[in-house]
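One structure is given below, encoded as structure tokens.
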Amino acid sequence: MINTLVARSFVACVLLRVCFAMLPVVTGGSLLLTCGPALAALTLGEFDAARHDRSTSPDFIGSDFDFSGVGNLVLGGNTNRWATLISPSYFVTAFHGIPQLNQSYQFFESNDFGGTTHTRTVISGARIGTTDLWLGKFEAPLPSSVAHYSIATGDPIGQDVFIVGRGTSGIRQRVGLNRVDLLLADYSATLNGIDTTTNIIGSTFDPLTGFGADEAIVEAEDSGGPTFFRHGDELLLGGTHAFRGSLMSPGGEMSPFTGDSWVGSYAAEIAGMMEGETPTFVNLSSVPEPAGLAAIALAGLCTAGAVRRFRPDRSVAG
């Protein structure tokens with residue numbers, strides 16, 4: 001059974017430009033969420049441009065994986081809005097990012113941001129229930145040279161992930177590692193003035209006991225960006241970034257974390273909303289042990305420090 005941590009009282013940080021307060025959920029308990037700092041780019045334990053910015057560098061942490069299905073709004077708008085493909089035409093993003101029709105997104109076929117690109121315009125879309133997820137459709141399918149991702153289902157706790165966020169220039173993307181250790185069921189939050197109730201997966205940020213220099217946490221303008229599990233040499237979509245928060249343990253220890261909308265918990269809703277194309281789902285129980293991510297982190301130990309051993313779930317009974 002999946003351990004769940006049900007939020008009790010909180011203030012969350014929206015991953016846009018402003019921190020918004022939310023009303024407390026009156027259910028009793030000891031969890032407190034507080035707003036984290038709003039910085040400009042994905043934060044790493046120790047940032048290294050060659051290792052963490054998506055690029056053709058042989059040191060890039062994601063060089064063995066295909067990130068071509070992760071797009072950003074075309075220059076001229078908010079270039080830090082995100083679209084992650086789940087089929088050639090359909091994508092998911094954060095509803096609180098206020099996605100709009102007729103906006104255009106750009107996808108890069110490779111990690112060379114000076115290489116071949118494809119641009120598509122949003123022609124339709126809808127919110128998934130009362131969640132912070134939005135399913136959009138482009139006017140034409142992306143070619144087979146651009147990836148679309150299967151959606152992870154099952155129990156996410158203890159799974160290692162890639163977290164994708166904003167880089168430091170234009171629409172460059174930055175990638176780091178973490179591990180899912182929180183599950184917030186039916187989590188109510190007001191994001192960018194919008195009331196949402198969403199199943200949330202969380203990854204606490206602790207470079208000392210985690211992935212060292214590669215440990216990642218989201219920041220301002222990462223809303224809607226993806227968190228990926230790995231399945232062999234493929235990426236599985238796990239979540240879309242909703243907020244950054246801090247969890248206070250009963251002992252008073254503060255732990256910042258990335259809060260993602262858990263896409264796979266809405267498999268039936270997503271499948272029912274798509275017309276003409278079918279999403280694919282992969283249960284995490286069938287995913288091989290993620291030794292590859294540990295190996296990736298070990299490759300950077302000149303600056304990374306210790307790789308995370310399995311840490312206890314920071315979940316409490318609801």
Inset, instruction - Just name the residue that is modelled with the highest pLDDT out of those in segment 62-109 that are in contact with a helix residue (DSSP H, G or I) (Cβ under 8 Å, 6 or more places away or on another chain) and in a strand (DSSP E or B). - result: 92
Legend entry - So residue 201, is it touching a residue at least 24 places away in the same chain (Cβ under 8 Å), of a type in the set (Val, Ile, Thr), closer than 24 Å to residue 271 by Cα and part of a strand (DSSP E or B): yes
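Would you mind stating whether residue 197 is surrounded by 24 or more Cβ atoms within 10 Å (Cβ to Cβ), hydroxyl-bearing (Ser, Thr, Tyr) and at pLDDT 95 or above?
For residue 197, the condition - surrounded by 24 or more Cβ atoms within 10 Å (Cβ to Cβ), hydroxyl-bearing (Ser, Thr, Tyr) and at pLDDT 95 or above - is not met.
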Inset, instruction - Inspect all residues belonging to segment 176-194 and state whether any of them is among the β-branched types (Val, Ile, Thr) and farther than 28 Å from residue 286 by Cα. - result: yes
Inset, instruction - Sort out which residues of segment 179-197 are in contact with a Ser or Thr (Cβ under 7 Å, 6 or more places away or on another chain) and on the phi > 0 side of the Ramachandran plot, and write them in order of number. - result: 186
Inset, instruction - Scan segment 245-280 residue by residue and report those that are out of contact with any Ser or Thr (no Cβ under 6 Å at 6 or more places or on another chain), in a strand (DSSP E or B) and closer than 25 Å to residue 175 by Cα. - result: 245, 259, 262
Legend entry - Test: residue 213 is modelled with pLDDT under 95, within 23 Å of residue 45 (Cβ to Cβ) and not acidic (Asp, Glu): no
Legend entry - Hits in segment 154-169 - residues which are more than 17 Å from residue 67 (Cβ to Cβ) and either of a type in the set (A, V, I, L, M) or touching a His at 6+ places or on another chain (Cβ under 9 Å) (or both): 157
Inset, instruction - Determine whether residue 143 is modelled with pLDDT under 95 and not in a strand (DSSP E or B). - result: no
Legend entry - Boolean, residue 223 is under 11 Å from the mean Cα position of the chain (by Cα), closer than 20 Å to residue 151 by Cβ and modelled with pLDDT under 95: yes
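So that you can scan it fast, the table gives a plain yes or no per residue for (1) surrounded by fewer than 23 Cβ atoms within 10 Å (Cβ to Cβ); (2) not in a loop (DSSP other than H, G, I, E, B):
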| site | (1), (2) |
| --- | --- |
| 152 | no, yes |
| 157 | yes, no |
| 168 | yes, no |
| 176 | no, yes |
| 183 | yes, yes |
Legend entry - Extreme residue, surrounded by the fewest Cβ atoms within 10 Å (Cβ to Cβ), among residues of segment 54-68 that are over 16 Å from the mean Cα position of the chain (by Cα) and among the charged types (D, E, K, R): 64
Legend entry - Sole exception among (1) crowded, with 16+ Cβ neighbours inside 10 Å; (2) without any contact (Cβ under 8 Å) to a residue 60 or more places away in the chain for residue 93, by number: (2)
Inset, instruction - Go through segment 99-154 and count every residue that is more than 22 Å from the chain's Cα centre (by Cα) and of a type in the set (A, V, I, L, M, F, W, C). - result: 3
Legend entry - Options 212, 238, 202, 259: the member that is more than 14 Å from residue 181 (Cα to Cα) and among the small types (Gly, Ala, Ser): 212
Inset, instruction - Assess whether residue 234 counts as being farther than 26 Å from residue 129 by Cα and either of a type in the set (Phe, Trp, Tyr) or surrounded by fewer than 17 Cβ atoms within 10 Å (Cβ to Cβ) (or both). - result: yes
Inset, instruction - Please enumerate the residues belonging to segment 110-123 that are part of a strand (DSSP E or B) and either surrounded by 13 or more Cβ atoms within 10 Å (Cβ to Cβ) or at positive phi (or both). - result: 117, 118, 120, 121, 122, 123
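The values are calculated or read from the model by the stated rules, or taken from the named source; none is laboratory data. This is a predicted model, so every value here is computed, not measured. Neighbour counts run over all protein chains shown; Cβ positions are idealised from the backbone, glycine included.
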